[in-house]
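These notes are about the structure you will find just below.
The values are calculated or read from the model by the stated rules, or taken from the named source; none is laboratory data. Everything numeric here is computed off the predicted structure, so don't read it as measured data. With ideal geometry, Cβ positions are generated from the backbone for all residues, glycine too; neighbour counts draw on all protein chains shown. For accessibility, only protein heavy atoms count, side chains too; no ligands or nucleic acids. Shrake-Rupley method; radii C 1.70, N 1.55, O 1.52, S 1.80 Å.
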Amino acid sequence: MRLILIINAGSSSVKCALMTIDAQGSVQECARGQVDGIGRDAEFSMRFTDGHKDVKEVMSSGTKTSHKEALGLILKTVDDIYGLNALVGAGHRIVHGGPNFIKPTILDAAAIAELKKLIPLAPLHQPHNLAAIESLRELLPELPQIGCFDTAFHATIPDIARNFALPKALTEKGIRRYGFHGISYHYIAEAFAARDKERARGRVIVAHLGNGASLCGMINGQSVATTMGFSALDGLMMGTRTGSLDPAVIFYLMREEKLGPEAVEKLLYNQSGLLGVSGLSNDMRTLRKVAAENADARLALSMFTYRVIREIGSIAAALNGLDALIFTAGIGENDSQLRADVITGLSHLGLALNESANSKRDYQISSSTHPAAFVIPTNEEALIARATLSLLPHL
Ligand code: ADP
């Protein structure tokens, strides 16, 4: 058996997946797990889809679990069940590749040093990605590690859509749009082309709507516009993030409300969006449940929907039309009400809803065929596994 370990490391959790490689070289998920509560008493759970028993462990109280301990737990489980020799490589989801990492990359010492220089571009995420890479290097120095970047898919965005209207010297310093969710967009672009080659050559908007949410406009499967910008804070309203916000609000908060940069950052990233507006929850399911009797929850849901519709209109204008709209990620795949409201709100583009297909979550959910709307579940782990496999020299 040959296995690839996929790692997605955040500040408080490390998510992992194990993918088997079959004789034809295609990958199949055999387990998925996560360590939660890093920095506190952590909990580890791993669910196997290949007949092995699930694992659940709680670290003894009083220990502050580090990324290295989290990876140690994951490796111990892999060792117990499959033997560590089965591992042929590890693929990491890395949030920021900066201007230069625009393809999956072997994570040797030089690459890691370059990625560290990008920490100021993604201070809330990049250090955790790097902590996982370095921990795994210490635990299994011989294991090839490959990085996939959430920014990389957007390397094809032209300057007109990438640059901010800032002085050129600042643009040249890298203050520009990078875009995120690129691993998901790349997966969707390939999956869509595999099903509908002709349409995938055209003007496609993918709506990745999860806790983090963004849109990507593609032509011929390449990103030409996206709603996230310099950071993952821009664009759509999200679970706890504002999305686009008049920057003058920030100066006002600093001057009049006496908030420092960290407090503003926390407000915009963690206390806003669906959570901030509803005062209740960042979870769509919770808000849907209480919407009938809670006006704040209703407003949060309406604002979220409105912003998706408005930004799709903006990207459709940038693409000069629309051939396909694709919904993906937690909300895009599961919230049929949101999809219905968005499609109905875009009737001016020629989209029309197929109610029964939408409520059953069929592949095509529009009665209109041009443009048409689809649901495609994303699978970032599969894309990372394929990229990792392609860079493993001995396979
Ligand atoms: P992340 O960005 O953390 O990967 P996900 O893609 O898992 O996020 O999406 C999380 C979001 O998906 C949450 O807002 C959650 O409420 C929503 N979601 C998950 N399942 C459903 C469902 N059945 N109906 C509506 N929303 C759902």
Which of the following residues is under 21 Å from Ile94 (Cβ atoms), of a type outside the set (Ser, Thr, Tyr) and modelled with pLDDT under 95: His186, His125, His208? His125
The one condition Ile250 fails out of (1) of a type in the set (Val, Ile, Thr); (2) within 16 Å of the ligand (Cβ to nearest atom); (3) open to solvent by 10 Å² or more (accessible area, probe 1.4 Å); (4) within 24 Å of Arg162 (Cβ to Cβ) is (2)
Note on the range 77-102: residues over 21 Å from Ala232 (Cβ atoms), in a loop (DSSP other than H, G, I, E, B) and not hydroxyl-bearing (Ser, Thr, Tyr) are Gly83
Helices (runs of 4 or more DSSP H) (entirely within the range 167-218) containing at least 1 residues that are closer than 30 Å to Asn270 by Cα, open to solvent by 30 Å² or more (accessible area, probe 1.4 Å) and without any contact (Cβ under 8 Å) to a residue 12 or more places away in the chain: 168-172
Where in the range 302-359 are there helices (runs of 4 or more DSSP H), lying fully within it, with 3 or more residues that are within 16 Å of the ligand (Cβ to nearest atom) and surrounded by 18 or more Cβ atoms within 10 Å (Cβ to Cβ)? 329-334, 336-345
Looking only at the range 26-33, decide whether some residue is farther than 18 Å from Ala387 by Cα and of a type in the set (A, V, I, L, M, F, W, C). yes
Could you figure out which of (1) out of contact with any Phe, Trp or Tyr (no Cβ under 9 Å at 6 or more places or on another chain); (2) in a loop (DSSP other than H, G, I, E, B); (3) at negative phi isn't true of Lys266? (2)
What is the number of the single condition among (1) under 18 Å from Gly182 (Cα atoms); (2) at pLDDT below 95 that Ile94 does not meet? (2)
